[in-house]
Amino acid sequence: MSTQAEEVTGDKRGSGTVLSDEPVRDLDAETAARLAVELGLAPDEHDRIVELLGRTPTTTELYIYSLMWSEHCSYKHSKKYLRLFPTDGPAVLQGPGENAGVISVGDGWAVAFKMESHNHPSAIEPFQGAATGIGGIIRDIFTMGARPVACFDSLRFGTLDKPRQRYLFEGAVAGIGAYGNCLGVPTIGGEVAFDEAYEGNCLIGAMAVGLMREERLTLATASGVGNQLILIGSTTGRDGIGGASVLASQEFDEGAEAKRPAVQVGDPFTEKLLIEACLELLDRGLLVGLGDLGAAGLTSSASEMAGRAGVGLDIDVSKVPQRELAMQPFEIMVSESQERMLACATPELTPEVLAVCEKWGLRATVIGSVTDTGQFVVREGADKLVCSLPALSLTDDAPLYDPPYTEPAYIQELANANLSGLAHPESVEELSAALLQLLASPDICDKRWIYEQYDHQVMCNTVVVPGAADAAVLRIGDTGRGQMTTRAIAISTDCNGRYVYLNPRRGAALALAEACRNVSCTGATPAAVTDCLNFGSPEKPEVYWTFVEAVTGLAEACRSFDVPVVSGNVSFYNESFGAPIYPTPTIGVVGILTDVDQHMTQGFAAPGDVIVLIGETNDELGGSAYLKERFGLAAGEIPALDFDLEREVQSVTRELIADGIIRSAHDCSEGGLAVALAESCLSGGLGADVAFDDELSAAASLFSETQSRVLVSVALERADELIDRLEASMLPFSVLGEVTPAEAGIRILDKVAISFEEARAAYEDTLPRLMGDA
Amino acid sequence: MAAGAKVGVVVFPGSNCEQDVAYACEQLGITARYLWHGERDLGDCQALVLPGGFSYGDYLRAGAVARFSPVMEEVIRFAETGRPVLGICNGFQILTEAHLLPGALIRNARLKFICRNVALRAEASCDWLDLPQGTVLHLPINHGEGNYYCDPSTLEGLRDGTAGRVILRYCEEDGADLPRHGAPNGALDAIAGVSNAAGNVFGLMPHPERAVDPQASYTTDGPAFFTTVLALVTEGVR
C-alpha cells in the first residue's frame, strides 16, 4: 500500500459543517485501483467511485465503498427481482428496508420479525458463526423498539456420516443455544435438512421475533443537525474485518480456513445488557434514532441512518473505544465487532442516555454528530480527515446488476427422468420397513436432540413447544408486567431445497404454501412473510436463473395467499469448489390467532377418534423424501400446486379449529400421508387403524407428497358434523379410520403394520445415535 | 394465606427469569418486587427469590461473579436471620457459590444444555416445600451447569441433616430411583434440590415458575413452591 500523501492545508473544519474538505490522500491512483480489486470491487465499480468523488479515494473510503457496495450490503444482484414481492397490506406497519419488518397483530400490539443467514462465518467456525448470527438478528429486532421474544433456526448441512458435517451441526446448534439461552429469548422452532448439496457450504439461518406496542415502532435514522451519535456496547477490535465482502460475497475455496479471523466472536451477556438498556432508552423517549452495527459495522449503520434522514455525519474514530492497539481508521470503520449499537440523541438528552448505559454497565461514547452537509465525514482526531464522501452515494449510487440467466440443462433432464424401473416395496413387510426408514431419516426424524439444547420456555409465553405442532405458537403479552392478551402468533419456517432444485419456481411457491399450511394447522391465519434467499453465485447464468425463477414463484404465491413480504435477506455465493448448494429460499411465515385457547396441535387426542384426510392423494413421488431415502434420487416432477385448492384447504382447516370441531391437525409434507399419520400417533402417544382407499400403488399411496392435504382427527360423536362441513366445502376428503391405543400399533390396511415402539425408536433414536449421544 | 405477601426477586445483570418469577407470583396473588443487584435495601420483603438466567454471562463459572454483588451481603444477612431464600437454576448456583447451600453445580455430564420436562420426587420438607415423601412432580429443567456435586462428607451431612437436606431428586416417571448416574444432567445421587440445615434456604435446578400458568406450561406442579413458604411468613412462623 502506498504511503504517498498529499496534505490538505488550511483548517476548513467547522463544528459539523464540513463543506469542501478533502481527506488526506494516502494512495496514488494506481495503488488505489489495485487495492479496490483486492477488496472485491470490480474495476468499473472503482472507476465509478473515482468519478463520484472527483479524485482518487483514500484507503478508508475504498474500504467503506467495498463494504457498502458488496453484494451483502447493496443487494446489487437481487434488487431488481425483489421488487416483485408484494410488501404492503392492512397489517403492515413497516415493510422491507428497515432492520426488520413490523406487522400489527391486534389489540395495539405489533410484532417485528426478520430472517437472516450467517452461512459463511458458520462454515468456517460453526459455534461463533451461528451464535453471532443469533446476536445479529436479535439486534435487528430491538433496534425497531421491540423486545425479542422468540428465535427460530433454519439449518442445512451435508450428511451426518461425515465427521466434518457432525462438527458443523454440533457446533452450530451449540452456538445458537449458547447465545439465545443466555439472552433469555426462547428458541421455539425451526427446521433442518441434511443433503450432500450442502456439504461444502452449510446454511445457518436465524429468524427472530419481537413484540412491542404499536406506538413504540422506532426507525434507524439520524436526524437533526447537531444531534449526537453515541456508540453503545462493546469495544471495537479487528474481528470480522471485511466479513461482508470477504466472507459473505465470495465463494469458498482452499483458502477458507485462512479466513477464520474474519469470523466475529459473540458476547451474549453484553447483548442482554444492550437489549435492556436500549429498550429503557426508548421507553423513556431519550433517542432520535437507533441502529445496530452488523455487517460492515459502523460504516453501514451510520451511513444508513444518515441516508434515511438525508443528512450528513461527522465521526471521529479516535473517540471509538478500541480493544486493540494501533487500529487504522478504516479498521475502526469496518470492524464487525459484535454487540454494538449506534444511537442518535439531542445534545440536551445525551447525558441521560449516557447515564442509562452506565446503569447497565455498558460503555457509551459520543463519537460524532449530525451535520447538514450530506457528507459522510470520518476523521482521526480533530485535525486529520480520512474520509469525506456523499452519504447517499453509499446506498443510492451502489451499482445494480441485471446479469444474464439461462435454464440449466439438468432441469429438463431430471424432470423427465424415467422412474418407471424402480423396484418399489409391495409387501406389508417391505412397506412397513420403508415407513420406518423414512421416520428414521435425519430430515424427518424427531428433532429433540436439537431443541432440547435450546431454552424454548423462558418468558412463559410458549403455548406450543417444538415438536407438538406444525408451527410454534407464542402468546402475545408481557409476562411480569401484567399486560396479557388472548391473542397468539404462530410461526413456521420452511423450505424443501430438493423441490426448489428440481423446479425453482414451483418449489419456492411450495415452500410458502407449506409454511402457510403449517401456520393454518395451528388455527392461525397467515399474515406476513420474511425470507432468507440462499443461492450460489449470481454471476453464473445457470445459478441466477434459479434465483429469478424462485423469486418469481415466491412472489406469485405471496400474492395468491395474500401475505406480504416485510423483511428478508439474500445470501449469494453459497458454493464450494464451484458447486452451488440447492437453491434454498427459506420462508418464515407469521400468523395471527385471535384466541390462544383455540390453538391446535398435531398429536391424536384419544382412542376411538375418527381420522380424516382433507384433500386427496395423487401419484406424486417426484422429488420426494421416499425417492431420496430409498433410491438416493433427487429427480422427477415435483408435486403440483393448485393455489385455489390450497387456500381453501387452509381456510376450512382454520374454521374447523376455530369452531372446536377437530382435535388434531397435521399437514402432509415430506414422507407423505404415512409419515404424517405416524407423527400424529407419536405426538399423541396413540396408535391408528386406517385404510387408504385410493387407486394408487402402495408406495404412492403411502409416500406421495401431494400438496394441500391435512390429516385431522375428530371425536366420534362429532364425526358426522365434520363430514357435513367437508361435504359443504366441496373439498375432497376421505375418512381413513380410527385412533387406537398405542399397544395396537400403527396399521394401514394391506400396507403397514408396525408397533408403536418400533415407530418411536425409529423416529427418536436417529440424531442421538448419529451424534454419538445414544 | 399467601395473598398480599411480598417477595423480593433479585435481578443481576444477565438474569433472565425474573419476569417469569414475578409473573408466577402475580398468578398466585403474591406481590413481587425487583431488587437490583446494586441495591442494599431489601425493604419489607418477607422472602427472597434468586431467579434463573446467566448472571454476568456465567463467565468464569455460573454464579461465581454474582455472588460478589452488593445485594448478596444483604441476602446472606437475610438468610442468616432464618428468613426464606429460594434460588432457582442460576439462583441455586449463586447460593452455592455464596455458601448458603452446600455443594456445587458443575457442567452437565454430556456437556450440553438441556431443556426438558423431568420427573422429580419430593424427599424431605423445608420452608419452601412441604409434600409427603415420595410425591412425584414434573417440572422443566433448563440449564447447562446443573450437575450437582459435593464431597463425600457433605453428602453424608445431607443424609443426616447436618449439612442440609436433599429436598428433590430426579426420578423415573413412577417415582422409582433412576439407575446410577441416570440423572439427566449427571447429578450426584440424582440430587435436584437441596436446603440448608435450617430449611429456610432452598435451591433447585428445575423451574417451578414455568409450571404455574397452565396455558404456557408442560405441567402445573409449580404453585406449591411459592405458596408453602408464604403461608409460613404470613402466619408469622418465620
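List the residue pairs whose Cβ atoms are under 7 Å apart, where the first residue sits in region A:758-771 and is in a helix (DSSP H, G or I), the second is surrounded by 21 or more Cβ atoms within 10 Å (Cβ to Cβ) and acidic (Asp, Glu), and the two are 6 or more positions apart or on different chains. Hits for this filter: A:763/A:446; A:764/A:446.
Taking the criterion of being assigned to a helix (DSSP H, G or I), away from chain B (no Cβ under 13 Å) and open to solvent by 10 Å² or more (accessible area, probe 1.4 Å), the residues of region A:141-186 that qualify are A:163, A:164, A:166, A:167. You will find that of A:510, A:502, the residue that is under 25 Å from residue A:678 (Cβ atoms) and either of a type in the set (A, V, I, L, M, F, W, C) or crowded, with 24+ Cβ neighbours inside 10 Å (or both) is A:510 and no other. Taking strands (runs of 3 or more DSSP E) as the structural unit, those lying wholly within region B:1-120 and holding at least 1 residues that are surrounded by fewer than 20 Cβ atoms within 10 Å (Cβ to Cβ), within 11 Å of chain A (Cβ to nearest Cβ) and among the hydroxyl-bearing types (Ser, Thr, Tyr) correspond to B:31-36. For residue B:175, are the conditions met, namely being surrounded by 23 or more Cβ atoms within 10 Å (Cβ to Cβ) and away from chain A (no Cβ under 14 Å)? No, not satisfied.
Residues in region B:131-180 that are among the basic types (Lys, Arg) and either touching a Pro at 6+ places or on another chain (Cβ under 6 Å) or in a loop (DSSP other than H, G, I, E, B) (or both): B:180 alone. Of everything in region A:337-381 that is under 30 Å from residue A:397 (Cα atoms) and within 14 Å of chain B (Cβ to nearest Cβ), the residue that is surrounded by the fewest Cβ atoms within 10 Å (Cβ to Cβ) is A:339.
Is it fair to say residue A:659 is open to solvent by 30 Å² or more (accessible area, probe 1.4 Å), over 28 Å from the mean Cα position of the chain (by Cα) and either in contact (Cβ under 8 Å) with a residue 24 or more places away in the chain or over 15 Å from residue A:516 (Cα atoms) (or both)? Yes: the conditions hold for residue A:659. In the set A:465, A:458, only one residue is within 8 Å of chain B (Cβ to nearest Cβ) and surrounded by fewer than 24 Cβ atoms within 10 Å (Cβ to Cβ); that residue is A:465.
For region A:535-543, check the following and say yes or no: at least one residue is in a helix (DSSP H, G or I), of a type in the set (Val, Ile, Thr) and open to solvent by 10 Å² or more (accessible area, probe 1.4 Å).
Looking only at region A:535-543, we keep the residues that are in a helix (DSSP H, G or I), and these are A:541-543.
The next check asks that each one be of a type in the set (Val, Ile, Thr); those that pass are A:543.
Adding the requirement that they be open to solvent by 10 Å² or more (accessible area, probe 1.4 Å) leaves A:543.
Scanning region A:535-543, I find at least one residue that is in a helix (DSSP H, G or I), of a type in the set (Val, Ile, Thr) and open to solvent by 10 Å² or more (accessible area, probe 1.4 Å), so the answer is yes.
Every condition in (1) more than 21 Å from residue A:239 (Cβ to Cβ); (2) touching a residue at least 12 places away in the same chain (Cβ under 8 Å) is met by residue A:265 except one, and the failing one is (1).
Here's a check for you: in region A:589-608, which residue that is among the polar types (S, T, N, Q) and over 24 Å from residue A:742 (Cα atoms) is nearest to the other protein chains (Cβ to nearest Cβ)?
Our first condition is that a residue be among the polar types (S, T, N, Q); within region A:589-608, this holds for A:594, A:598, A:601-602.
Filter once more, keeping what is over 24 Å from residue A:742 (Cα atoms): A:594, A:598.
Numbers: A:594: 15, A:598: 12 Å.
Among them, the one singled out is A:598.
Can you say whether residue A:400 is surrounded by fewer than 22 Cβ atoms within 10 Å (Cβ to Cβ), under 28 Å from the mean Cα position of the chain (by Cα) and in contact (Cβ under 8 Å) with a residue 60 or more places away in the chain, as far as the supplied structure shows? For residue A:400, the condition - surrounded by fewer than 22 Cβ atoms within 10 Å (Cβ to Cβ), under 28 Å from the mean Cα position of the chain (by Cα) and in contact (Cβ under 8 Å) with a residue 60 or more places away in the chain - is met. Taking the criterion of being farther than 30 Å from residue A:424 by Cα, polar (S, T, N, Q) and touching a helix residue (DSSP H, G or I) at 6+ places or on another chain (Cβ under 9 Å), would at least one residue in region A:742-762 satisfy it? Within region A:742-762, not a single residue is farther than 30 Å from residue A:424 by Cα, polar (S, T, N, Q) and touching a helix residue (DSSP H, G or I) at 6+ places or on another chain (Cβ under 9 Å). Scanning region A:44-65 for residues that are part of a helix (DSSP H, G or I) and among the basic types (Lys, Arg) gives a single hit, A:48. If you filter region A:198-211 down to residues that are more than 22 Å from residue A:489 (Cβ to Cβ) and surrounded by 23 or more Cβ atoms within 10 Å (Cβ to Cβ), you find that the one that is nearest to the other protein chains (Cβ to nearest Cβ) is A:204.
The values are calculated or read from the model by the stated rules, or taken from the named source; none is laboratory data. It should be emphasised that the depicted structure is a prediction, and the values quoted were computed from it without experimental measurement. Neighbour counts are summed over all protein chains in view; Cβ atoms, including those assigned to glycine, are modelled from backbone coordinates with ideal geometry. When the accessible area is computed, the model is the full protein with side chains, heavy atoms only, and any ligands, DNA or RNA have been set aside. Shrake-Rupley method; radii C 1.70, N 1.55, O 1.52, S 1.80 Å.
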